[in-house]
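Structure record follows, encoded as structure tokens.
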Amino acid sequence: MGVEGGMKCVKYLLFFFNFIFWLCGLTLVVLGVLVQVAVHNTVVINNVSASSAPIVLIVVGVVVFFIAFFGCCGAWKESYCMVTMLKCCGVINATDWRGNFGPGTNSVPDSCCVNDTAGCGQGAMEDSSKVHQMGCQTVVEELLKKNIMWVIVAALVIAFLQIMGIIFACMLMRGIRSGYEVM
């Protein structure tokens, strides 16, 4: 059943912001490739230490790209699994919310709850039976370590597709400059 009323607005806002993040991730990947080409005059990474800035841009871009992509899909399809992040609370742990959320100093967002129900995070910050205690940074790091091969494969596929696009653009540019008919 689809969401109604105010939640429909939240759905479209979530989709919109995830789409913006998706574009930012794509931009970071492209920027990483452009920096690599500008600095080394080649797309091939010969020296990892000399290419650390482009590599960081590309890796961060790929991570943001995929997380935002799943966020967009989850918001559009109203998929609970895709919208929710790995079962975590706060950056380091649930106490990151101390004094920053809700009435009192011992409350967390309902999304931190083991069973997400309205008001479940009120006064439950340190109750591990009600609230996830592990921070999202740790969960994301573990997820990336566990799936590092897929992250690398995705980065290489995206890089390959972009390189092919650059090659085809250069071929077309050369054909146009030479005066040959390209159709």
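Coordinate-derived values only; no laboratory data. Fair warning: this is a prediction, and the values are worked out from it, not measured in the lab. Cβ coordinates were reconstructed from backbone atoms using ideal geometry, including for glycine residues, and neighbour counts include every protein chain displayed.
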- Query: If amide H atoms are built 1.01 Å from N in the plane of the peptide, which residues on other chains or at least 5 residues away come under 5 Å of the amide H of residue 131?
  - Reply: 114
- Taking θ as phi - 60°, what are the ³J(HN,Hα) couplings along segment 147-152 by the Karplus curve (6.51, -1.76, 1.60), each to the nearest whole Hz, with x for Gly and Pro? 10, 4, 5, 5, 5, 5
- Item | Whole-Hz couplings from phi, Karplus 6.51/-1.76/1.60, listed for segment 29-39; x for Gly and Pro | 4, 4, 4, x, 5, 5, 5, 4, 5, 5, 7
- What is the distance, in nm, between label points placed 7 Å from the Cα along the Cα-to-Cβ direction at residue 153 and at residue 15? 3.0
- Query: What is the extension gain from residue 163 to residue 56, computed as 0.36 nm multiplied by their sequence separation minus the C-alpha to C-alpha distance, in nm to one decimal?
  - Reply: 36.7 nm
- Just order 43-52, 11-20 by mean Cβ neighbour count inside 10 Å, highest at the front, would you? 11-20, 43-52
- Query: Residue by residue through segment 128-140, which ³J(HN,Hα) values in whole Hz follow from phi under the Karplus form 6.51 cos²θ - 1.76 cosθ + 1.60 (θ = phi - 60°), with glycine and proline marked x?
  - Reply: 5, 7, 10, 10, 5, 9, 6, x, 5, 4, 5, 5, 5
